[in-house]
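Notes to accompany the following structure.
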Amino acid sequence: MYRRSLLAIAKLRVLSLLCVIALSSLFSVSTFAANSIDGIRVWPAPENTRIVFDVKQKPDYKFFTLSKPDRLVIDFTDTKNTVSLRSLAVNDPRVKLFRSSVSKGKTRLVLELTKSYQLTVFPLAPAGQYGNRLVIDLYDKNRSQKNVSKPKESVGDIIIGIDAGHGGEDPGSIGGKGTYEKRVTLAIAKKLQKLINNEKGMKAVMIRSGDYHVDLNRRTSLARDKHVDFFVSIHADAFHTPKPSGASVWVVTKSRAESELSRWLLNREKKSELLGGGGGVIKNTSDSHLALALADMSKEHSLGVSFGVANNVIKELEKITTMHKKTPQNGNFAVLKSSDIPSILVETGFISNHKEEQNLIWSKHQQRLADAIHNGIKNHFMAHPLTGSYFASVGYKKHKVRSGESLSVLAKRYNTSMSKLININGLKSNSLRIGQTLKIPRTG
Ligand SMILES: [Zn+2]
């Protein structure tokens with residue numbers, strides 16, 4: 001079976017090769033090469049540089065490295081290069097120079113490097129706006145050390161991981177007027193970063209801070225390395241017709257979280273630290289039921305926080321933009337998959353809608369969106385502060401209920417609302433007990 005299909009593929013290859021030869025004899029010119037390099041993009045990032053070659057057809061290539069000085073050499077068989085190499089390396093810290101030579105139809109590209117890097121080279125099939133590509137990733141060798149986690153200092157800051165969707169080679173959705181989602185998400189992310197860093201008790205960590213690609217697994221592992229307490233991923237929606245509009249907020253589906261969870265449990269020795277507070281116990285217990293229960297608690301907690309923040313962010317977004325969905329949506333986004341870190345994904349509007357595309361590139365509207373996300377996150381953590389956080393110490397005054405005091409009396413006295421008191425104290429009804437301690441928000 002296997003052999004026969006291989007044979008079939010081989011036959012197909014021969015056929016397609018014959019076709020190419022037949023076509024090439026029809027269209028051959030003196031500088032004929034079957035393939036050509038038609039574009040080269042260089043995306044420097046903090047930990048790596050991605051170099052992308054646009055090639056007309058599936059690339060036939062070989063590569064090797066040389067040292068003293070460090071170089072990467074790529075030979076493209078039967079390929080001509082049409083791209084000017086002169087200024088390609090100008091903004092990159094890892095590649096000093098691109099140069100090329102041609103012999104027997106083969107184009108040799110030499111990348112002169114500043115030092116030796118860990119590298120991966122792989123072809124990509126046509127996708128979206130792109131045709132065939134060859135991708136080279138140069139990774140810093142001390143990449144993992146750079147992000148070695150150091151224990152969070154006990155200043156009580158809540159660390160908010162801000163993930164600007166897409167980036168670099170991946171533009172995300174593209175609006176009718178040519179707006180790239182990756183630019184909108186980064187602009188909003190930067191505004192949100194500023195708001196959070198100006199807020200006492202909160203600190204922002206940017207998962208991406210420039211126009212480069214960070215792969216999805218790396219996004220969550222960065223969040224873990226940086227001890228992120230809450231993760232917000234920013235995107236803009238798109239549809240194939242221009243009509244849909246409005247914002248929506250997504251949380252991870254339970255089933256996704258569950259399948260991730262079962263994966264973790266399979267190799268919990270290695271990954272137990274991912275499960276937060278229960279990690280130490282999970283590692284040391286052979287009782288799989290206990291391990292499951294602990295992991296479950298951590299997951300439930302994380303889903304609860306995700307929903308809590310999602311609801312608060314929706315409340316704020318409603319004030320400044322139309323909503324596509326008025327309740328948190330269950331999503332299956334890879335970037336939300338780490339159920340150990342509470343996360344939301346905010347679709348800030350439809351880039352495929354003409355009016356919203358205009359809004360999304362408007363700095364003032366981006367600011368409003370950032371404000372709404374910031375307020376939503378803050379409101380949640382003020383009402384449900386994490387143990388030991390700054391918000392836990394300042395978010396509330398305490399009030400011990402005395403005889404004759406009702407919820408409405410207290411709401412009036414403290415210039416707040418009954419529903420807010422019910423919400424932040426997790427009350428099941430309007431009735432209070434004498435001696436009961438209530439949390440009272442400092443700002444109405
Ligand atoms: Zn997106």
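Just wondering, is there one or more residues in the stretch 43-64 that are under 33 Å from the mean Cα position of the chain (by Cα), exposed (fewer than 13 other Cβ atoms within 10 Å of the Cβ) and hydroxyl-bearing (Ser, Thr, Tyr)? Break it down into steps so the answer makes sense when it comes.
To start, the set of residues in the stretch 43-64 that are under 33 Å from the mean Cα position of the chain (by Cα) comprises 43-64.
Narrowing the set further to residues that are exposed (fewer than 13 other Cβ atoms within 10 Å of the Cβ) leaves 62, 64.
Now restrict to residues that are hydroxyl-bearing (Ser, Thr, Tyr): none.
There is no residue in the stretch 43-64 that is under 33 Å from the mean Cα position of the chain (by Cα), exposed (fewer than 13 other Cβ atoms within 10 Å of the Cβ) and hydroxyl-bearing (Ser, Thr, Tyr).
Of the conditions (1) touching a helix residue (DSSP H, G or I) at 6+ places or on another chain (Cβ under 9 Å); (2) under 27 Å from Gly331 (Cβ atoms); (3) open to solvent by less than 20 Å² (accessible area, probe 1.4 Å), Ile361 satisfies every one except a single condition; which number is it?
Checking Ile361 against (1) touching a helix residue (DSSP H, G or I) at 6+ places or on another chain (Cβ under 9 Å); (2) under 27 Å from Gly331 (Cβ atoms); (3) open to solvent by less than 20 Å² (accessible area, probe 1.4 Å), the one that fails is (3).
When you scan the stretch 196-210, do you find a residue that is more than 16 Å from the ligand (Cβ to nearest atom), over 25 Å from Gln329 (Cβ atoms) and part of a helix (DSSP H, G or I), even just one?
Scanning the stretch 196-210, I find at least one residue that is more than 16 Å from the ligand (Cβ to nearest atom), over 25 Å from Gln329 (Cβ atoms) and part of a helix (DSSP H, G or I), so the answer is yes.
State which residue is nearest to Gly308 (Cα to Cα) when the search covers only the stretch 409-443 and only residues that are among the small types (Gly, Ala, Ser) and surrounded by 10 or more Cβ atoms within 10 Å (Cβ to Cβ). Steps first, answer last, please.
In the first step, residues of the stretch 409-443 are kept if they are among the small types (Gly, Ala, Ser); the result is 411, 417, 419, 426, 429, 431, 435.
The next check asks that each one be surrounded by 10 or more Cβ atoms within 10 Å (Cβ to Cβ); those that pass are 411, 417, 419.
Details: Ala411: 22, Ser417: 19, Ser419: 15 Å.
It comes out as Ser419.
With of a type in the set (D, E, K, R) and under 26 Å from Lys226 (Cα atoms) as the only criterion, which of Lys378, Lys364 stands out? Outline the logic, then answer.
On the way: Lys364 fails: under 26 Å from Lys226 (Cα atoms).
Lys378 is the lone residue from the list that is of a type in the set (D, E, K, R) and under 26 Å from Lys226 (Cα atoms).
Regarding Ala223, is this residue open to solvent by less than 30 Å² (accessible area, probe 1.4 Å), more than 16 Å from the ligand (Cβ to nearest atom) and under 14 Å from the mean Cα position of the chain (by Cα)?
Details: open to solvent by less than 30 Å² (accessible area, probe 1.4 Å): yes; more than 16 Å from the ligand (Cβ to nearest atom): yes; under 14 Å from the mean Cα position of the chain (by Cα): yes.
Here the answer is yes, as Ala223 does meet what is asked.
Identify all residues within the stretch 77-128 that are of a type in the set (Lys, Arg) and in a strand (DSSP E or B); write none if there are none.
Initial filter on the stretch 77-128 (of a type in the set (Lys, Arg)): 80, 86, 94, 96, 99, 104, 106, 108, 115.
Listed by number, the residues that qualify are Lys80, Lys96, Arg99, Lys106, Arg108.
Can you list residue pairs whose Cβ atoms sit under 7 Å apart, with the first residue in the stretch 74-91 being surrounded by fewer than 15 Cβ atoms within 10 Å (Cβ to Cβ) and the second being of a type in the set (A, V, I, L, M) and at pLDDT 95 or above? Count only pairs 6 or more apart in sequence or on different chains.
Going by the 7 Å Cβ cut-off, the qualifying pairs are Thr82/Ile37.
The values are calculated or read from the model by the stated rules, or taken from the named source; none is laboratory data. Owing to the predicted nature of the structure, the values given are computational and were not obtained by experimental measurement. All Cβ positions, even for glycine, are placed from backbone atoms using ideal geometry, and neighbour counts span all protein chains on display. In case anyone asks, the SASA skips ligands and DNA or RNA and just uses the protein heavy atoms, side chains included. Shrake-Rupley method; radii C 1.70, N 1.55, O 1.52, S 1.80 Å.
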